[in-house]
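Have a look at the structure below, then the notes.
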Amino acid sequence: MAEIGNNIIVTWNDGGTDQVIAGTRTNEINGDTDLVEVCSASDEQWKHFITGRKSWTVNVGFLLLADGIDAKGVLKVGNTYTLYFKKRNGGGVYGNAILKSFKASAPINGLSNGSFVFQGTGALSDYTPST
């Protein structure tokens, strides 16, 4: 069943403490796989493929920065974090990711907003909160 947007929360582990990244407005997780071309002895005129290595990314668009996340977030680019992509009622996935890019906009008389892009490094795993 699809989840309503505000029921998905992205947190990161920054310095040993899990922290909600921000008041997010969009959370996207993307999975991808390489395709490796292989030969077929019986069907050489058509291309055949097998799956190769997998990768994942997370894009987070935010409003109203959480404590500890401000314009200095640009200094966090290149750091590796443990990200949890989870439902409010529990469960989800987690993995390590490198903060690839950070963008923030703070217009005069406007609402602060911005985005994070994380590149996964390693596998995603099932997350089940302890009771």
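The values are calculated or read from the model by the stated rules, or taken from the named source; none is laboratory data. A quick note: this is a predicted structure, and the numbers were derived from the prediction, not measured. Cβ coordinates were reconstructed from backbone atoms using ideal geometry, including for glycine residues, and neighbour counts include every protein chain displayed. Heavy atoms of the whole protein, side chains included, go into the accessibility calculation; ligands, DNA and RNA do not. Shrake-Rupley method; radii C 1.70, N 1.55, O 1.52, S 1.80 Å.
One table, with the values for the structure above:
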quantity	calculated
For segment 48-59, 3J(HN,Hα) per residue [Karplus equation, 6.51 cos²θ - 1.76 cosθ + 1.60, θ = phi - 60°, Hz, x = Gly/Pro]	10, 9, 10, 6, x, 7, 9, 8, 8, 9, 10, 10
Cut-off under 5 Å, modelled amide H: who pairs with GLY114 long-range	PHE62, SER105
Rounded percent of accessible protein surface that carbon and sulfur make up, segment 88-131, 1.4 Å probe	49 percent
Calculated FRET efficiency for the pair THR128/VAL74, C-beta based, R₀ 30 Å, to 0.05	0.30
Spatially proximal lysines relative to LYS54 (Cα-Cα < 24 Å; intrachain offsets below 8 disregarded)	LYS86, LYS87, LYS100
